[in-house]
Every structure is written in structure tokens, then in C-alpha cells.
Amino acid sequence: MKYTFLDDKTKNQNVEIDIFGNASNELLLSSHIDQLPLNLFIDDLGVSTVSFTMNNQLENSVFSSIFSQMMYASPEQKKGDLEINKISGTETILGLPCQYYTVNFIDKTKEESMKICINETYPINTFTALTGVLKVFTKSNYSNGLKGLILKGGPNTDKFETEHFILKSIKDSDAYVYFNHKESMMKHQRKMDSLMMEQRKWEDDYAALDSTAVADSTAFAGDYPYIQEYVSTYKKENSVMANLSIDNPNSKNLLKGAPQYCSNLHKDFPVFEHKEVARHLKNYAGQVCDMYLTQSYDETVDEKGTMDEIRREVLYLLDVRDKLSKSDQKKLDKYLNQLD
């Protein structure tokens with residue numbers, strides 16, 4: 001999908017944005033504004049600036065732009081709220097009908113508004129890209145069921161028809177990229193933690209030389225890290241087996257810090273009569289391995305997600321053990337006893 005911007009002053013197309021998307025609500029936005037490239041990956045987890053590496057892979061490039069600094073600013077910097085309202089007016093662009101909406105940003109002092117035309121039945125949801133970027137700048141907590149393909153949008157003013165962006169072309173593509181957004185966000189968090197620790201150390205050293213810096217250092221340390229409020233979700237089973245960080249080829253050199261069985265998890269595994277116990281046991285054992293990888297800053301493991309998986313699998317194994325055959329019970333006990 002290719003969007004272009006029309007500007008009333010230049011009367012021509014001065015900015016182009018390409019969006020690659022799929023039906024899984026994952027979007028890659030690539031733009032050049034005044035020769036400055038900006039690539040964003042957007043999904044249900046959030047928005048990240050990314051760059052291309054070899055073999056069609058993406059990597060997080062969170063230190064490369066001012067946009068990134070705004071993206072990872074403290075959540076306490078929330079400025080206002082987004083409000084989406086359906087308004088009268090429809091249009092057909094590239095043969096696709098769309099309905100107009102206003103996107104209003106409201107804070108205590110002012111209100112800013114956009115106008116967009118969206119096709120709500122299209123399988124690619126570019127509305128996520130718009131709200132994701134707006135949330136970065138506004139720090140709002142907007143959540144709404146509206147989704148679909150944005151065909152046109154711009155400032156909600158009387159100049160809308162001469163100053164707007166519009167979808168110019170759309171086609172299927174065989175291009176693809178690889179990106180583990182969850183792991184990338186965790187890696188960024190680790191880097192930020194490391195930098196913050198260095199910053200704190202510098203602040204403490206400076207405070208030792210100048211007592212007037214103590215108050216500032218303490219205040220600075222109190223603002224970070226931001227820890228999200230705990231929500232108990234670990235008992236909800238995933239529809240598919242969770243990904244294991246130990247299966248990442250880049251993790252092989254880190255397995256020396258994990259129990260020996262982690263290197264052969266998929267090879268030396270018992271065969272059970274019970275169809276489900278093997279899947280749960282392997283997930284439990286693998287998630288334990290992942291926790292050992294957190295000793296290294298070179299690996300990105302979702303600690304909370306991993307702990308949730310372990311807790312859920314422990315409950316499952318405790319509950320299912322008495323329901324197993326004697327043979328399966330012996331295999332289960334033996335396997336758990338030799339996990340080292």
C-alpha cells in the first residue's frame with residue numbers, strides 16, 4: 001500500500017509512505033520525509049522503530065531517532081485522550097468505499113482533530129498504524145474496536161481537500177520480513193536498564209563530590225524503571241506452544257549457563273501414553289531453560305511471560321499426575337528428577 005501527501009502550498013506529492021501488512025494485524029511502515037528514512041513496525045504489542053538487516057530480517061533501532069525517544073518516554077507523561085467519532089460523509093477511493101470519522105485529541109487546554117475515511121471490512125488494518133503513532137505522541141491510552149483500511153486522512157479543517165494523505169495504490173506482494181517484536185522490545189528494555197544503571201552510577205559518583213546533586217540523583221532513580229501493574233493471566237493456556245528462546249540459534253552460545261538437558265531438550269524426551277502431558281512437560285522444561293538465559297544481556301527473554309508459563313505448567317503437572325498410568329508416572333518422575 002502506498003500513501004502520498006498532498007500539500008496546499010506545493011500542490012504536489014512531497015511525502016510518500018509504504019505500508020506492508022498482513023491479516024494478523026502486523027504492519028511495517030516505511031517512509032521518507034525530507035530524505036529522512038523512518039521504518040516502524042506496528043502490531044498489537046505497540047510501535048517500534050526498526051531497521052533492515054540481512055536475510056529480510058528487522059532489528060529494533062530504538063536509539064536512531066527522536067521519534068524513538070518520544071516512544072519510550074515515561075508513561076506518566078500522558079497528555080490527554082483520543083476520541084473517535086463517526087461523522088456523515090462517505091467516499092470511494094481506488095474502488096473501495098469508506099466512511100468518515102474524526103480522531104480527536106483532547107487535553108485540558110486544547111483539542112486537535114483529524115479526519116479520516118476508513119473501509120472497515122478490508123482485511124489489512126492500517127488504522128492500527130495511525131492510532132499507534134498517535135499514542136506515541138499523545139501518550140494516551142486509547143482503545144477502540146474500530147479497524148480497517150484508511151484510504152484518506154488529514155487535519156480536520158476547511159483545507160482538508162487540499163491538505164491530506166491518500167492511498168494511491170494497493171497490491172499483493174511476495175516480499176516478507178522476519179521480526180520477533182516481543183523479543184526485540186525486551187532487548188530494548190534490557191539496554192535501557194543497562195544505560196540507566198550506568199547513569200545512576202554516574203549520578204552517585206557525582207553526588208559524592210557535590211552534595212547538592214544528591215537530591216537530583218535520588219529523584220532521577222525514583223522515576224525508573226516503570227513496572228507495569230501485575231495482572232494474573234498465567235492460568236490461561238495458549239492455543240499453541242509458546243516459543244522458546246533456547247531454540248533461537250543466537251542462544252546456543254549461552255546454553256553453558258543453563259542445565260545440561262537444555263541443549264538436548266527435543267532429542268532426549270520420553271514418550272508418554274498420555275497425549276497432552278508431553279507437550280506440557282516439554283514447555284515447562286523449556287521455559288525453565290529460558291529463565292537461565294536471563295543471566296546474559298545478550299539474550300532477550302520475556303521474564304514475566306516465562307514465569308507465567310512455568311507457573312501454569314506446574315499446576316497442570318500436579319493436577320494430571322494422579323490421572324496418569326503407572327508407566328507414565330514413573331517416566332514423569334524420572335524426567336523431572338534428572339533435569340540438570
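The values are calculated or read from the model by the stated rules, or taken from the named source; none is laboratory data. It should be emphasised that the depicted structure is a prediction, and the values quoted were computed from it without experimental measurement. Side chains included, ligands, DNA and RNA excluded: accessible areas come from the protein's heavy atoms. Shrake-Rupley method; radii C 1.70, N 1.55, O 1.52, S 1.80 Å.
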Solvent-accessible area of His274, probe 1.4 Å, all protein chains present, reported in Å² to the nearest ten, please. 60 Å²
Write down the Kirkwood hydrodynamic radius of the range 234-340, to one decimal in angstroms, obtained as one divided by the mean of 1/r over all alpha carbon pairs. 14.4 Å
